[in-house]
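Values quoted throughout were computed directly from the atomic coordinates according to the rules given, and no laboratory measurement underlies them. These numbers come from a predicted model, not from an experiment. In this analysis, Cβ positions are derived from the backbone assuming ideal geometry, glycine residues included, and neighbour counts consider all displayed protein chains.
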Amino acid sequence: MPIKNNMTTSMLSSIPAVLGGAPIPDSPLPFVRPLLPSLEDLHPSYSEIFQNGMVTTGSNAEKLGEEVARHLGTDFAIAVSSCTAGLILAIQSLNLPKGSEVIVPSFTFMASGLGPVWNGLRIRFVDVDCETMNVDPRRVEEAIGSNTSAIIGVHQFGNPAPIDSLQAIADRRGLALLFDAAHGFGSLHRGRPLGGFGRAEVFSMSPTKLLIAAEGGIVATNDPETAYHLRIGRNYGNPGDYECLFSGMNARMSELHAIMALHSLEGLESAALHRNRARDKYVERLSEIPGIRFQKIAEEDRSSLKDFSIVVDEEFGLTQRQLEESLKAETIQTRVYYCPVLHKMQAFRCFAENGMDEWLPNTLYLESHALSLPMYSNMQDREIDQVCEAIERIHANASAVAARFS
Ligand SMILES: Cc1ncc(COP(=O)(O)O)c(C=O)c1O
């Protein structure tokens, strides 16, 4: 009798949850689990601002800028209310001719495209490299025309963009280069933190990132004029004498957010190391499964691993969406980043000419094959094992699972 029970248990444990088996994790695994500073650590600083009433325009947002600049090794880092606001203001600071074209990858988050649009610029979408998931410099070069004024590189999921090639193209063709570094805290290019490349790099500190302010952004630059523009631009365009110089906005960071980010900064390096170790463990185990590929990170670089993205090839036996659904049944939350890609979104469709799909084959491939798995700054080995085990057993039953979806 016990033997039969054992057999039943082991047989059941080989059935994916999507086909009626029990989910593998003992408790659900969310896609992100923000690692926040402890409330006790925040308490003294919060008490202080509650007592003195300086909940905004105080010293903490300035201190955050200084500490981040020191961490990144840049001359300036200006705290703003979000990466999106930072991108809009940083692009505004470039003073690009209205209606000129900015080169942007289509495989990215929508905010990468919003910065140019808010500045009355046009977007020229370019393809990414299928392996690095970053913009392909050859496609950038081909896309440059007489109306091109700037290039926006994105460090996708924290994987540094081809910075040196993009800078060389920008220099040769007389174009401005800016980086959407939303995912970039914790990343290194040739051992150097991101932040000092291009004219400016714009980071996000929302809760899916390694450095968290709840909401917030940083514009890092070595250019004093860009820094000056950002300081005034985040304050409506008011340099302090109530005389508005240009159409800025309220993009200030509150003191509550700045305090959280200052404490989060202390854990940034260990978060990046932890995520990189988690990636190694994921890769070691998932490499055994046919049809799973990983984002390629250059030997000399380090990704922040803001997201751990895999590519689900035909050989796996299921589509990216079928794997997503099967993992959901296992109570494991994943994300399809990015779908739809930018050139298909209503806000940006006006920039997608005929033939755009043929021009962006890798973007379309990744849209339908890339899947981001759970990744946390404090992810446990056991949790990685559970995700891998779930994927293994889904793959082992791929035909039956595929039939369930047909
Ligand atoms: C690539 C990219 N750019 C910009 C942003 C916008 O950041 P925020 O939410 O801080 O405005 C995000 C958000 O995650 C992003 O993924």
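Using 0.36 nm times the number of residues separating Asp313 and Tyr242, minus their current alpha carbon distance, what extension gain do you get? Before the final figure, lay out the partial values.
Working: separation 71, 0.36 × 71 = 25.56 nm, distance 5.78 nm.
My answer for the length gained is 19.8 nm.
Only loop residues by DSSP count here, and only those with at most 12 other Cβ atoms within 10 Å; note down the trypsin sites (Lys or Arg not before Pro) in the range 49-144 that meet that. Let's see the in-between values first.
Details: sites: Lys63, Arg70, Lys98, Arg122, Arg124, Arg138, Arg139; in loops: Lys98.
Those satisfying the criteria are Lys98.
Below 8 Å between Cα atoms, with a sequence gap of 6+, how large is the relative contact order for the chain in percent?
On the way: 869 pairs, mean separation 93.1, N = 406.
The value is 23 percent.
Given the range 268-405, report the % of alpha carbon pairs whose separation exceeds 23 Å. Please report the intermediate quantities before stating the final value.
Numbers: 3798 of 9453 pairs.
Value for the range 268-405: 40 percent of Cα pairs lie more than 23 Å apart.
Quick one: grab Rg to one decimal and Dmax as a whole number for the chain, Cα atoms only, in Å.
22.7, 86
Would you mind telling me which residue in Ser264, Ser149, Ser47 has the biggest mean-square fluctuation in a Gaussian network model of the chain, where springs connect alpha carbons within a distance under 10 angstrom?
Result for the chain, Cα springs under 10 Å: Ser47 fluctuates most.
Would you mind counting up the charge near Glu215? Only other residues with Cβ under 13 Å from its Cβ, with Lys and Arg at +1 and Asp and Glu at -1.
Details: positive: Lys209, Arg252; negative: none.
With Lys, Arg at +1 and Asp, Glu at -1, the neighbours total +2.
Counting only residues 5 or more places away or on other chains, whose amide H sits under 5 Å from the amide H of Gly237 once H atoms are built in the peptide plane?
Placed amide hydrogens put Gly248, Met249 under 5 Å from Gly237.
Enumerate the amide H contacts of Val80 below 5 Å, restricted to partners 5 or more residues apart or on another chain; note that Pro and chain-start residues carry no placed amide H.
Those qualifying (amide H under 5 Å, at least 5 residues apart or on another chain) are Gly217, Ile218, Val219.
Please report the spacing between the Cα centers of the range 330-382 and the range 28-98 in Å, no decimals.
Here the two parts' Cα centres lie 27 Å apart.
At most 14 other Cβ atoms within 10 Å and a DSSP loop assignment: could you name the trypsin sites (Lys or Arg not before Pro) in the range 160-201 that fit? Walk me through the intermediate numbers first.
Values: sites: Arg172, Arg173, Arg190, Arg199; in loops: Arg190, Arg199.
Here the trypsin sites (Lys or Arg not before Pro) that fit, given the DSSP loop and packing criteria, are Arg190.
In sequence order, what are the phi-derived ³J(HN,Hα) couplings for the range 139-153 according to the Karplus relation 6.51 cos²θ - 1.76 cosθ + 1.60 with θ = phi - 60°, rounded to whole Hz, with x for glycine and proline?
5, 4, 4, 5, 7, 5, x, 5, 9, 7, 10, 7, 10, 10, x
Place a +1 charge on the Cβ of each Lys and Arg in the range 268-405 and a -1 charge on the Cβ of each Asp and Glu, then give the dipole magnitude about the Cα centre in debye, rounded to the nearest 20. Before the final figure, lay out the partial values.
Working: 17 positive and 23 negative charges, 83 e Å.
With only Lys, Arg, Asp and Glu charged at Cβ, the dipole is about 400 debye.
Under a cut-off of 12 Å between alpha-carbon atoms, report the aspartates and glutamates in cross-link reach of Lys63, not counting same-chain residues fewer than 8 places apart.
Result set, ordered by chain and number: Glu255.
Between the range 149-195 and the range 118-142, what is the C-alpha centre distance in whole Å?
Rounded to whole Å, the Cα centres lie 12 Å apart.
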